[in-house]
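Q: Would you mind keeping the following structure in view while I ask a few things?
The values are calculated or read from the model by the stated rules, or taken from the named source; none is laboratory data. Nothing here was measured: the structure is a model prediction, and the numbers come from that model. Reconstructed Cβ throughout: ideal geometry from the backbone, glycine too, with neighbour counts over all protein chains shown. Accessible surface areas use protein heavy atoms only, side chains included; no ligands, DNA or RNA. Shrake-Rupley method; radii C 1.70, N 1.55, O 1.52, S 1.80 Å.
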Amino acid sequence: MATTNADLHYLTISQAGALLQRQELSPVELTRAFLNRIEATNDQLHSFITILSEQALADARVAEAEILQGHYKGPMHGIPFALKDLYDTAGIRTTSGSQVDIDRVPAEDATTTARLKNAGGILLGKLAMHEYALGGPDFTTPFAPARNPWNLDHITGGSSSGSGAAVASGQCMGALGSCTGGSIRGPASLCGIVGIKATYGRVSRAGVVTLSWSQDHCGPMTWTVEDAAHMLGAIAGYDPRDPTTSAAPVPNYAAGLKQDNQNIRGVTIGVPRHFFFAADGGANPETLAAVEKGLTVLEGLGAHLEEVTIPSLEYVRAANTVIMLSEAFAFHEKNLKSRANEFGEMVRARFRIGGLLTASDYVQAQRVRKLFNRELAQTFQKVDVLVTPTMTQPAAAFEGYDATSTVRGPSFTAPFNLSGLPAISVPAGFTASGLPIGLQVAGKPFDEPGIFRVAYAYEQATRWFDQRPPFM
Amino acid sequence: MSSAKEPGVSLEEFRLMAERAGLGMTTQELEDLKPLYDLYAQHTEILHSIDLGAEEMGMTFHPDWPPAPHA
């Protein structure tokens, strides 16, 4: 196979896939380029916990042989990717970013791990994360927190911190994150990339370490919307190992983007200004201004904007938090009581609070969930999607970071974990200091094609993805 | 000795709650954790302040309306 020139690490999955399919690029060369990139940058980014150089190159050689023999499997074949370190990988340490699981080696792949490998993807390694997918950057865990490629003095957001940093810096072409209150869309927004969590039940959670059974979602983080569509297509679908997965057929998300030809004429976009754009809502003015511009762009593309009111949004953060901590305590109780000192300070404290919540707290939270879902259903009778800012703030600096900042104030991502509805974050510009801003599109259950369509149209009109981090 | 009222539950009440949960925390750990607990307690207070009428529990997500046309 031919070898192309430099900057292979900045190709998108779609671009690389086309070259691989035409045998104009070797999976081995592509994989080697990413391993070199990781080697050159990981000391500064701390995004990879485990690097699988030998295995990745061996897998790439297999992929190369398959493609040369005419057995091209599809858009993930020969594509280097990485996994948040709570996705089980058979025979490979899976730590969840914790001393507690520092030597844990699963016997079996997570379903999503297996699906990406079966699609021909090349696993480069395992990525840093906030311990057990909760809390924030914690220097009391065994692994240094990942740093933001747009400014190394700033956090990436989390909990899929390494996934955000690795994709944004060109260390891998795509990564899987996991999300219970915003841990895919949050770091995607703060790192200037795309992140999607599909409808609850669309992607298997089997073999992914639990934080909150009823709110955990798995999903891809990529440089572009089309790449996210490719990755989601590879992992979505019914899984007998996860009884919450849906048997509904999985559409060809990427093909749908091209069919729609970026046309969102006639799409009705709901804008819950009372919550997401409130002057006293605590959101950063630059973030709000960027997303307002985004709404104007979408309107210019033919969408109709309609202001909507969803009263129970103001209770969502509380319900999401109570459910998450209660379920997390139930999952981690045994270790928390017998090996408390092996947890990092931040997660240990939060898990302990989960143990102090009452059954009544949990039941009230679940009742709020029901109320919220009903109000969302009513809203989605009038609109096709909701568009909001993804995060209230751009990436904070490590220096002076307030570990309780995620407890105070609203969450713009948690509503779609509580409800289980699909939501995607797409880059929407930068602050004056050069930190990324994200725009969130949320949709009806199983309408991933609908949110992809709006996100893709916005992305292609604004082309924020043309800008790469100044990092190296 | 401060005369200011402790926010939320008292430290002694907090100790009893932690014992009941089997958390086995030291006095120092209890004192360190209580401010964060008080912060989270604001969330639980919100949940108990809402008039939810006869609302049932949501539990895990279940679509209450027909799937989107694309699905």
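Q: Return yes when A:ALA423 is open to solvent by less than 10 Å² (accessible area, probe 1.4 Å) and touching a residue at least 24 places away in the same chain (Cβ under 8 Å) and no when it is not. First the steps, then the outcome.
A: Numbers: open to solvent by less than 10 Å² (accessible area, probe 1.4 Å): yes; touching a residue at least 24 places away in the same chain (Cβ under 8 Å): yes.
Answer is yes for this residue.
Q: Out of region A:315-342, which residues are within 13 Å of A:GLY354 (Cα to Cα) and hydroxyl-bearing (Ser, Thr, Tyr)?
A: Hits for region A:315-342 are A:THR321, A:SER326.
Q: Would you point out the residue of region A:322-335, among those that are of a type outside the set (Asp, Glu) and open to solvent by 10 Å² or more (accessible area, probe 1.4 Å), that is nearest to the other protein chains (Cβ to nearest Cβ)? Give the steps one after another, and end with the answer.
A: The initial filter retains those residues of region A:322-335 that are of a type outside the set (Asp, Glu), namely A:322-326, A:328-332, A:334-335.
Still in the running and open to solvent by 10 Å² or more (accessible area, probe 1.4 Å): A:324, A:326, A:329-331, A:334-335.
On the way: A:MET324: 11, A:SER326: 10, A:PHE329: 8, A:ALA330: 12, A:PHE331: 15, A:LYS334: 11, A:ASN335: 12 Å.
Result: A:PHE329.
Q: Quick one: count up the residues across region A:391-420 that are touching a strand residue (DSSP E or B) at 6+ places or on another chain (Cβ under 6 Å), open to solvent by less than 10 Å² (accessible area, probe 1.4 Å) and away from chain B (no Cβ under 14 Å).
A: Residues meeting the conditions: 2.
Q: Could I ask something else about it? Would you check if A:ALA119 is open to solvent by 30 Å² or more (accessible area, probe 1.4 Å) and either free of Cβ contacts under 8 Å to residues at least 24 places away in the same chain or over 17 Å from the mean Cα position of the chain (by Cα) (or both)?
A: Values: open to solvent by 30 Å² or more (accessible area, probe 1.4 Å): no; either free of Cβ contacts under 8 Å to residues at least 24 places away in the same chain or over 17 Å from the mean Cα position of the chain (by Cα) (or both): yes.
In short, no.
Q: Does any residue of region A:76-90 turn out to be open to solvent by 50 Å² or more (accessible area, probe 1.4 Å) and of a type outside the set (Ser, Thr, Tyr)?
A: No.
Q: Taking the condition over 20 Å from A:THR390 (Cβ atoms), open to solvent by 10 Å² or more (accessible area, probe 1.4 Å) and modelled with pLDDT under 95, does A:ASN252 pass? Write out each step before concluding.
A: Values: over 20 Å from A:THR390 (Cβ atoms): yes; open to solvent by 10 Å² or more (accessible area, probe 1.4 Å): yes; modelled with pLDDT under 95: no.
No; evaluated as a whole, the condition is false for this residue.
Q: Okay, moving on. Conditions first: (1) modelled with pLDDT under 95; (2) open to solvent by 60 Å² or more (accessible area, probe 1.4 Å). A:GLN23 passes all but one, so which condition is the exception?
A: (1)
Q: Related question: Given the criterion in contact with an Asp or Glu (Cβ under 7 Å, 6 or more places away or on another chain) and at pLDDT below 95, identify the matching residue among A:ALA90, A:ALA110, A:ALA6, A:ALA2. I'd like the intermediate steps shown before the answer.
A: On the way: A:ALA90 fails: at pLDDT below 95; A:ALA110 fails: at pLDDT below 95; A:ALA6 fails: in contact with an Asp or Glu (Cβ under 7 Å, 6 or more places away or on another chain).
Residue meeting the stated conditions: A:ALA2.
Q: Based on this model, can you work out whether A:VAL208 counts as open to solvent by 10 Å² or more (accessible area, probe 1.4 Å), more than 14 Å from chain B (Cβ to nearest Cβ) and within 22 Å of the chain's Cα centre (by Cα)? Steps first, answer last, please.
A: Details: open to solvent by 10 Å² or more (accessible area, probe 1.4 Å): yes; more than 14 Å from chain B (Cβ to nearest Cβ): yes; within 22 Å of the chain's Cα centre (by Cα): yes.
So A:VAL208 passes the test.
Q: Quick check, is A:THR287 of a type in the set (S, T, N, Q), away from chain B (no Cβ under 14 Å), over 25 Å from A:MET324 (Cβ atoms) and touching a residue at least 12 places away in the same chain (Cβ under 8 Å)? Let's see the steps before the verdict.
A: On the way: of a type in the set (S, T, N, Q): yes; away from chain B (no Cβ under 14 Å): yes; over 25 Å from A:MET324 (Cβ atoms): no; touching a residue at least 12 places away in the same chain (Cβ under 8 Å): yes.
No; evaluated as a whole, the condition is false for this residue.
Q: Could you pull out the residue among B:GLY58, B:GLY8, B:GLY22 that is outside any helix (DSSP H, G or I), touching a helix residue (DSSP H, G or I) at 6+ places or on another chain (Cβ under 7 Å), small (Gly, Ala, Ser) and modelled with pLDDT of 95 or more?
A: Details: B:GLY58 fails: modelled with pLDDT of 95 or more; B:GLY8 fails: modelled with pLDDT of 95 or more.
From the options B:GLY58, B:GLY8, B:GLY22, the qualifying one is B:GLY22.
Q: Mind checking which residues of region A:336-390 are at the interface with chain B (Cβ under 9 Å from one of its Cβ atoms), open to solvent by 40 Å² or more (accessible area, probe 1.4 Å) and among the hydrophobic types (A, V, I, L, M, F, W, C)?
A: Within region A:336-390, just A:VAL363 meets the criteria.
Q: Could you list all residues from region B:16-40 that are closer than 16 Å to A:LEU357 by Cβ, of a type in the set (A, V, I, L, M) and more than 9 Å from chain A (Cβ to nearest Cβ)?
A: B:LEU16
Q: Within region A:26-53, which residues are among the small types (Gly, Ala, Ser), in a helix (DSSP H, G or I) and surrounded by 20 or more Cβ atoms within 10 Å (Cβ to Cβ)?
A: Residues of region A:26-53 among the small types (Gly, Ala, Ser): A:26, A:33, A:40, A:47, A:53.
Then drop every residue that is not in a helix (DSSP H, G or I), which leaves A:33, A:40, A:53.
Correct list: A:ALA33 only.
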